[in-house]
1. I'd like the Karplus ³J(HN,Hα) series for region 124-129: coefficients 6.51, -1.76, 1.60, θ = phi - 60°, whole numbers in Hz, and an x wherever there's a Gly or Pro.
2. Could you work out the mean projected area of the convex hull around the alpha carbons of region 400-557, in square nanometres to one decimal?
3. At 0.36 nm per residue, minus the direct Cα-Cα distance, what do Asp337 and Ser379 gain on full extension? Give it in nm, one decimal, please.
4. For Gln417 and Lys38 in one chain, what is 0.36 nm times their gap in residues minus the Cα-Cα distance, to one decimal in nm?
5. Using a Förster radius of 35 Å, what is the FRET efficiency between Leu235 and Asp324 based on their Cβ-Cβ separation? Nearest 0.05, please.
6. Which value in nm describes the separation of the simple spin-label points at Arg94 and Asp61, placed 7 Å from the Cα toward the beta carbon?
7. Would you mind getting me the FRET efficiency between Lys473 and Ala243? Use the beta-carbon distance for r and R0 = 30 Å, nearest 0.05.
8. Would you list Cys557, Cys477 from fewest to most Cβ contacts within 10 Å?
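Please treat every number below as a calculation from the coordinates, not as lab data. This one's a predicted model, so the numbers in the text were calculated from it and none came from an experiment. Reconstructed Cβ throughout: ideal geometry from the backbone, glycine too, with neighbour counts over all protein chains shown.
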Amino acid sequence: MGDILAHESELLGLVKEYLDFAEFEDTLKTFSKECKIKGKPLSKTAGGSLRDSKSLVIQRDLIAAFDSGDQKAFFASWEEHVPSSLRDGDVLARKLEFYLHIHFAIYLLKHSVGRPDKEDLDERISYFKTYLETKGAALSQTTEKERCPFFLLWALESSTNELCFYLFSFLFSFQDSWTPDLKSKLEKFLALVFKAGDTPKLLTLYKENGQSHKETLQQLHQQLVEAERRSMTYLKRYNKIQADYHNLIGVTAELVDSLEATVSGKMITPEYLQSVCARLFSNQMRQSLAHSVDFTRPGTASTMLRASLAPVKSKDVPLLPSLDYEKLKKDLIWGSDRLKAFLLQALRWRLTTSHPGEQRETVLQAYVSNDLLDCHSHSQRSVLQLLHSRSEVVRQYMARLVNAFASLAGGRLYVAQSTKLLRVLEERLREEDKDTATRENVLGALQKLSLRRPLQTAMIEDGLIFWLVDILKDPDCLSDYTLEYSAALLMNLCLRSAGKNVCAKAAGLVLKVLSDLLGHENHEIQPYVNGALYSILSIPSIREEARAMGMEDILRCFIKEGNAETVRQIEFIIKQLNSEELPDGVLESDDDEDEDDEEDHDTMEADLDKDELIQPQLGELSGEKLLTTEYLGIMTNTGKTRRKGPGSVQWSGAEPLRRPVTPGGHRNGYPV
């Protein structure tokens, strides 16, 4: 209470100033009267009568300079007291300034008795020409022809001032009202400007505090979003570096064994050294450095190196809070498009940003057990229908969420239990007529789902091979993501005997598309093109078609230009092309469903979270905060036995791919 009394006079003065500014005349009279009755003092604020009188003096000086034709005094005061943001940014202010320059340029011609002073006139003309060549250039194109300064420019460029005199006499002699009209506009403009400049202190305090607070919150929120994105990226880089490090230590241990074997005179075989190099070096170097020596493994120094790989007990990662999935799915179906988009984004982030291991597996298990995607729902309104939403943002975010599901082995197993989601994805793929982010994510999801045999079979039966061949006819119109995942999906489907038989129905077209892709500048697709070619050439009718179109000559052209790995793969393809019988082990048994687990790895991509379309506004919830604030459920998370790591089957790089892969896993390698 003491603080209020100490500042009471100043506070009452702020209120009085605002009421005066807002022209609450009756309220102001009542307020002043009541303050006087109660003996409340009213302080004089900074924006009071003193500031008002100063503004009036400035306005009066500007009008006086206008009337007397004092160009220098007028524009000096004009530039000092009229804000530059207003002079440069407001169209009406710029137009008024333009005509003010005309007024002062012709002042002597209109007000001098007899001939005007030549030196003064030349100075005004020079000043105006400078203005026209700089700030006034844009407004010289005004549509008001009767006041257009084109005539002035023409006159100024002439060699005689007499022409100026007669021209302006002609232009303005019959416009006696022009100067008074301009003066009236100037007075109104100055009144508005200086009233706006006399903003009451109460309003200024409110704006500054509110705007500053809002901007600070917005900046902090943006920094938080960026920090979360960077954290996710760095985590994925760390996991990749850690996998590479483990691989390097393993290779080093084997090389130490080999060196110890050479001490006892035992040699290393080229095959062994080649396999070591394939694991140690990049794809381009896998065929180099072959030496003929044999080896044994004493196991002394290598045992010490392997001991350095002993797993370190990691810190416990907390499980994420459980959610109310019934409420979540209800809002996903019936909520606004913006709410749907934020929910889909938050659910995806739960998968992509969760810690690999128990935390991520628990999140996925909760999604699957609650049938988040409604794969097993028989209702007409389901979450799956968001792929056909009228909102592009909702469609894209739903496709991203499905792609995140498909990136995990458990997610693919969930989808494989019902082909309902697969059919909706295929419909969305065919309806997207442009190479959009939505189509990219749908295609990425389908490619990853093609690692599962039941889903492979369904895609082949649905004619997806012909759709892929059709879009791959013009690869230059496709994004790198679409091109790589289309080629990889086509290869996965061509590995099956049913897929090969489909290709045999249009062998010429399929072979032409694949041979054209061999020379594409995107070298990431080469393993998939080579794998598809090698696979379909196991069909006799396709081999005959390939020979008829001179496929061997085409392939040999790429042998001359390719690296060692590509050359080796093409040699395998040529050998397949010239074979008369099916090589043993090439055709897989379509009845062997257990082979899915051998190559079914987690391949979460950083691309899943790139280029977000929506950003929360001030006070709007998003991400994990949205889920835990509005959709917190009963804690039901329980521990889950970790799935075993990937099998030991590896691709040597020398032969074409013979098993289903996905670009993310093939390019980055699977974690050890």
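1. Rounded to whole hertz, the list is 5, 5, 4, 4, 5, 4.
2. 8.6
3. 13.1 nm
4. Taking Gln417 through Lys38 to full extension adds about 128.3 nm, to one decimal.
5. For Leu235 and Asp324, the calculated efficiency is 0.80.
6. 2.8
7. 0.20
8. In order of increasing Cβ crowding within 10 Å: Cys477, Cys557.
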